[in-house]
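To keep things clear, I will list the structure first and then write my remarks on it.
The values are calculated or read from the model by the stated rules, or taken from the named source; none is laboratory data. Only a predicted model underlies this, so the values are computations on that prediction, with no experimental measurement involved. When we count neighbours, we look across all protein chains shown, and the Cβ atoms used for this are built from the backbone with ideal geometry, even at glycine.
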Amino acid sequence: MISDFLSESLRTTALSAAMRGAGLAVRFLPIPQPTIMVGPGSSGRLGQTIAGFGHAKILIVTDSIISKLGLLDDLTNALTAGGAEYVVFDAITPDAPIPLIEQGIDFYWEHGCDAIVAFGGGSSMDASKAIAAAVSNPGKTLRELAGYFKGLHTPVKIYAVPTTAGTGSEVTVAAVISDPENHTKLVIVDTRLVPKMAALDPCLMTGLPPHITAATGIDALTHAIEAFVGKWANPYTDDMALSAVGLIFDNLRVAYSDGMNLEAREKMALAATYAGLAFTRANVGYVHAIAHQFGGKYHTPHGLANAIMLPLVLKYSLPAITDRLALLAVRAKLGRENEGDDALAQKFLDAVDQLNLDLGIPTFLAALKASDIPQLAEAACHEAHTGYPVPRYMTQAVCEDIIRQVLPPAAAAKKPARRARKNA
Ligand SMILES: [Fe+2]
């Protein structure tokens, strides 16, 4: 699970690239939603349900850690009790490369499967989607399936059991895989890749360590906020984003400090799914654009990079999103509507700072080097300006200045103040 989380940076970079490329098409296409089961034991109930669907054999795609921890047991016991046959392919690694996915495809055929359960973090979800697309379109290689709606035939049914509360992969349209020959990421996008059913089982998340709970939780928060303040927001994504933000402010601290608290884990799983439903339609913004550069350059965990940048990007964006931040503040129970937008928006900014502090998120990026900042800012602006519906435009100079604010203290002390002013 931890390795899955660490791979999320590159995975989400490619996912966002997919969403950029899909642009308006993804914005306006109807995206199916899975039937979602929630609560302790829901992975077993999912097994109970799909056992009755008459599949010949179900392929469970996961990683070896999840398999060894016994997290599959509720699902597989229910499948067996329901008379369903299954096999487990538990070789998924972070950023699953094409040869590994091809092994999964071979495994699927060897065992005569006709459906897939994706069980794990983002990498297992994406590998499952890629296998589903490939086995349904045997005339095409994985490389040929990369892009938008490249498979003629509908992928076989996918069911999802996420084991982290952050990515929202169980409700998104894309699969990201690694092409080790070309050192690139390939993205398969098809609205038919959205799983048919998903189980949000908090019992599978109690083993996540606090720092991963914090970072994945803030990733979900960032999905919700960026979807809510961006220009593609609509009433549906607003509902999802507001629900996610409310749940996260109510539950993330508890899940962080008391990982065994099933209620908090369940609410965080729901929040991540709601945020996924929002951002897969309304997209993300500068926080993700900058965080992706940190991930690419320094391998900074995705959620941590988001958490460090979120307060600064929100403060810059404030003039354009005061009313939206005020709505978020009310939903987060930070104030009442009659307090006025300016006061409420400031309360929300303060609350994000406090949340980061309470979760042990640093205010700087230890790996950041001043000499890298121009290149990082250029790449972030390119990513954002080629498709993210950002609420307030940021020049590269401004972006550099914002990134400079998260230099580690020693590096920041060496920087001449006039340089920062010059770029402000
Ligand atoms: Fe993210």
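Here are the numbers for this structure:
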| quantity | calculated |
| --- | --- |
| From the options 202, 180, residue that is touching a Lys or Arg at 6+ places or on another chain (Cβ under 9 Å) and under 22 Å from residue 124 (Cβ atoms) | 202 |
| Selection from segment 140-157 of residues that are surrounded by fewer than 16 Cβ atoms within 10 Å (Cβ to Cβ), at pLDDT 95 or above and assigned to a loop (DSSP other than H, G, I, E, B) | 141, 153, 154 |
| Conditions (1) without any contact (Cβ under 8 Å) to a residue 60 or more places away in the chain; (2) among the polar types (S, T, N, Q); (3) under 23 Å from residue 210 (Cβ atoms); number of the one not met by residue 356 | (1) |
| Looking only at segment 128-164, and only at residues there that are of a type in the set (Val, Ile, Thr) and more than 21 Å from the chain's Cα centre (by Cα), the one that is farthest from residue 98 (Cα to Cα) | 154 |
| Cβ-Cβ under 7 Å pairs, at least 6 apart or on other chains, segment 396-417 side acidic (Asp, Glu), far side modelled with pLDDT under 95 and part of a helix (DSSP H, G or I) | 400/423; 401/420; 401/423 |
| Unique match (being within 14 Å of the ligand (Cβ to nearest atom), of a type outside the set (D, E, K, R) and part of a helix (DSSP H, G or I)) among 291, 264 | 291 |
| Some residue of segment 97-114 being out of contact with any Gly (no Cβ under 7 Å at 6 or more places or on another chain), assigned to a loop (DSSP other than H, G, I, E, B) and charged (D, E, K, R) | yes |
| Answer from 318, 314 - the residue that is crowded, with 24+ Cβ neighbours inside 10 Å, farther than 26 Å from residue 36 by Cβ, of a type in the set (A, V, I, L, M) and more than 14 Å from the ligand (Cβ to nearest atom) | 314 |
| Near pairs, Cβ below 6 angstrom, 6+ apart or cross-chain, from segment 86-106 (at pLDDT below 95) to any residue that is of a type in the set (Ser, Thr, Tyr) and surrounded by fewer than 18 Cβ atoms within 10 Å (Cβ to Cβ) | 94/3 |
| Candidate set: segment 107-117, residues that are touching a residue at least 40 places away in the same chain (Cβ under 8 Å) and not aromatic (Phe, Trp, Tyr); chosen: the one farthest from residue 155 (Cα to Cα) | 111 |
| Residue that is surrounded by the fewest Cβ atoms within 10 Å (Cβ to Cβ) [pool: residues in segment 158-195 that are assigned to a loop (DSSP other than H, G, I, E, B) and within 16 Å of the ligand (Cβ to nearest atom)] | 173 |
| Residue under evaluation residue 284, criteria (1) assigned to a helix (DSSP H, G or I); (2) under 13 Å from the mean Cα position of the chain (by Cα); (3) of a type outside the set (S, T, N, Q); (4) under 24 Å from residue 357 (Cβ atoms), criterion not met | (1) |
| The listed residue being away from the ligand (no atom under 13 Å from the Cβ) and touching a residue at least 40 places away in the same chain (Cβ under 8 Å), out of 227, 269 | 269 |
| Qualifying residues in segment 246-274 (those that are surrounded by fewer than 23 Cβ atoms within 10 Å (Cβ to Cβ) and of a type in the set (Gly, Ala, Ser)) - the one farthest from residue 327 (Cα to Cα) | 259 |
| Scan of segment 212-244 for residues that are part of a helix (DSSP H, G or I) and of a type in the set (Gly, Ala, Ser), ordered by number | 214, 215, 217, 220, 224, 227, 241, 243, 244 |
